[in-house]
Amino acid sequence: MTPSAIACAVGGGLILAEALLLRMVRRERTVWPELVFNLNSGHILMWAFRGVEIAVYAAVFAHLNLHWVDRLPRMAQWIFALFAWDLCFYWRHRTHHRFGLLWAVHIVHHQGEHFNLSLCNRNSWYASLTDLPFIGVLAVLGLPLDIYVAVSSFHYAVQFFNHSGLVRSPGVLDRFLVTPRYHRVHHRAEPQFFNRNFGGTFLLWDKFFRTFTPPDDGHVHARYGVDGIENSRNPLRATHEPLLRLVGVRWPDVERCPSARASAAFVTTGALLLYGLLICWLNTQHGAHPDPRWMLMGCTLAGTIALGAHCDGKRWALPTWCSLAFAVPVVLHGDRTVSDAVPAAVLVLFAIHGVFGIIQFARSVASPSRLPQR
Ligand SMILES: [Zn+2]
């Protein structure tokens, strides 16, 4: 498997394991609609733009390099990268809270109302693109690409851990690292916590730039999210509605279709299958023929939009989802991209899911009064 496919699979597994443990240990209810939205919100375009980010970094490093860092000993380059990347992230994050256009991208991450590992995955499709001006500085200074990729991946892993709903205080790490205990503060909905604790990995930036607020550990009714804005379960809408609002355009609110509603279990399993397709796509990054790779990406993106639009009550969404569930396995049948056991199993499950979709569609149209509760 490719490193990004492994990261995506391990991350998804940890998110589901944490949801299970929170239920068993803390008796906390799993809000599945939000969890699966978080898994699929940034989804395939965010990963694709991570590729763009790395390509742009390589181009800047090749053509605008001042060679200040790459002349240093290799160990010094690593140490510089560890702290410089985190400082760039701090200012990237702080400016996303300060300027309207960047906030319209970052707000998707803040709209999650439950603090758990899945929240880290919740992002605008364009989140990776807005990193470019900040990480470009490192390329201009001459930080080699291989160190950049390794160090940024390490910091993203730390940030994933920082969204844990299970770990409260990891002991001595609290003294110098941003931990879930501190990052919870950043996601709180109460005004006294707005624009605090921007740090990603090291605690020192918030303390140095005076944006640190200690957690109120005794508060049992903490609220998370952004007040006053309706949360869409549609990733297409969640990403674009804040950007349209910025230029005074309202998201077209078509009258919702009361029929053709599928159950919450149907939506949840569909979203998990989409996550499986995403892992398959990430696993085809090297050596695959480009056509099936782009087809897999297009189908995953179309599936994300169809399932999201279904959550928003759009009439066309469920038939579109079912059509995709049948079309994708047929189109990709026999291609070596999906010939391994796991991708093949995902495609078969996708087709079976389409059958259940048709059954639910037929039932809800035939008997609208027995619509499933969501
Ligand atoms: Zn933030």
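Bear in mind that the values in this text are calculations on the coordinates, not laboratory data. The structure displayed is predicted, hence computed values, not measured ones. All Cβ positions, glycine included, derive from the backbone under ideal geometry; neighbour counts span all protein chains shown.
Some notes on this structure:
- Selection of trypsin sites (Lys or Arg not before Pro), the range 47-111, meeting DSSP coil and at most 15 other Cβ within 10 Å: ARG71
- Computed from point charges on the beta carbon alone (+1 for Lys and Arg, -1 for Asp and Glu), the dipole magnitude for the chain about its Cα centre is near 680 Debye.
- Longest site-free stretch - the chain; sites: GluC sites (Glu not before Pro), DSSP loop, at most 12 other Cβ within 10 Å: 1-229
- DSSP H segments from the chain that extend 15 Å or more along their own axis, Cα-based, with Kyte-Doolittle mean of -1.0 or above: 3-25, 43-63, 74-98, 145-161, 235-246, 264-282, 290-311, 317-332, 341-366
- The range 1-106 - charge dipole about Cα centre, Lys and Arg +1 at Cβ, Asp and Glu -1, debye rounded to 20: 220 debye
- Normalising the average separation of contacting C-alpha pairs (under 8 angstrom, six or more residues apart) by the number of residues puts the relative contact order of the chain at 20 percent.
- Residue (of PRO180, ALA59, PHE202) at the positive-pole extreme of the chain, dipole from beta-carbon charges: PRO180
- For the range 18-57, projected area of the alpha-carbon convex hull averaged over all directions, nm²: 3.7 nm²
- Counted residue by residue at 0.36 nm each, then reduced by the alpha carbon distance between them, the extension gain from PHE83 to VAL158 reaches 25.7 nm.
- Look at the dipole of the chain built from charges on Cβ: of TRP78, PHE212, LEU274, the Cα furthest out on the positive end belongs to PHE212.
- The range 150-257: chymotrypsin sites (Phe, Trp or Tyr not before Pro) in DSSP coil with no more than 15 other Cβ atoms inside 10 Å: PHE176, PHE194, PHE209
- When the helices of the chain are scored as -39500 (n - 2.57) per DSSP H run of n ≥ 4 and the total is divided over every residue, the value at 222 nm lands at -20000 deg cm²/dmol.
- D_trans [Stokes-Einstein, Kirkwood Rh over alpha-carbon pairs] for the chain, 37 °C, 0.692 mPa s, µm² s⁻¹: 149 µm²/s
- Candidates GLY228, GLY313, GLY11: whichever shows maximal mean-square fluctuation once the chain is modelled as a Gaussian network with Cα springs under 10 Å: GLY228
- Separation in nanometres of the label points that stand 7 Å from Cα toward Cβ, at ASN231 and ARG315: 3.0 nm
- Positive-end extreme of charge dipole, the chain - chosen from THR320, THR284, PHE154 (charges on Cβ): THR320
- Paramagnetic reach from ALA264 in the range 195-232 [backbone N under 17 Å; point 7 Å along Cα→Cβ]: 231-232
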